[in-house]
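Handing you a structure now.
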Amino acid sequence: MICVHIKRCQESYSYAIFLDMPKTKKTDAAGGAWIFRDIPRDLMKQAKIAAAIEGRSIKALVMDSLETHLQEMEKKGLLPKGK
């Protein structure tokens with residue numbers, strides 16, 4: 001069962017969502033959870049529109065963009081080759 005908790009940040013009046021996930025064994029292939037704050041609204045809006053145009057989720061858009069960027073850095077020799 002997943003329980004969602006919402007905390008309010010009193011300084012900025014923003015909200016963060018924390019998920020209580022069931023405990024599982026950690027492996028290299030297992031994903032992790034990232035929480036991003038202070039993302040400009042214009043960037044969030046553009047990401048939502050781009051994902052909708054492509055018919056996929058924002059998560060898929062971000063994952064694809066990150067993987068593409070990391071591959072470019074590997075080709076330039078700035079990062080070691082990934083698995």
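Only residues in the stretch 37-54 that are free of Cβ contacts under 8 Å to residues at least 40 places away in the same chain count as the first member; pair them with residues that are among the hydroxyl-bearing types (Ser, Thr, Tyr) and loosely packed, with under 10 Cβ neighbours inside 10 Å, Cβ under 9 angstrom, at least 6 apart or cross-chain, and list the lot.
Arg37/Ser12; Asp38/Ser12
Follow-up question, since we're still on this one. Could you list, in sequence order, the residues of the stretch 52-83 that are among the charged types (D, E, K, R), under 24 Å from Ile35 (Cα atoms) and part of a loop (DSSP other than H, G, I, E, B)? Talk me through it step by step, then tell me what you get.
Step one: list which residues in the stretch 52-83 are among the charged types (D, E, K, R), which gives 54, 56, 59, 64, 67, 72, 74-76, 81, 83.
Within this subset, residues satisfying the condition of being under 24 Å from Ile35 (Cα atoms) are 54, 56, 59, 64, 67.
Scanning the stretch 52-83 gives a single hit, Arg56.
Where a number appears in this text, it was derived from the coordinates with a stated rule and is not lab data. Small disclaimer: the values here were computed from a predicted structure and weren't measured. With ideal geometry, Cβ positions are generated from the backbone for all residues, glycine too; neighbour counts draw on all protein chains shown.
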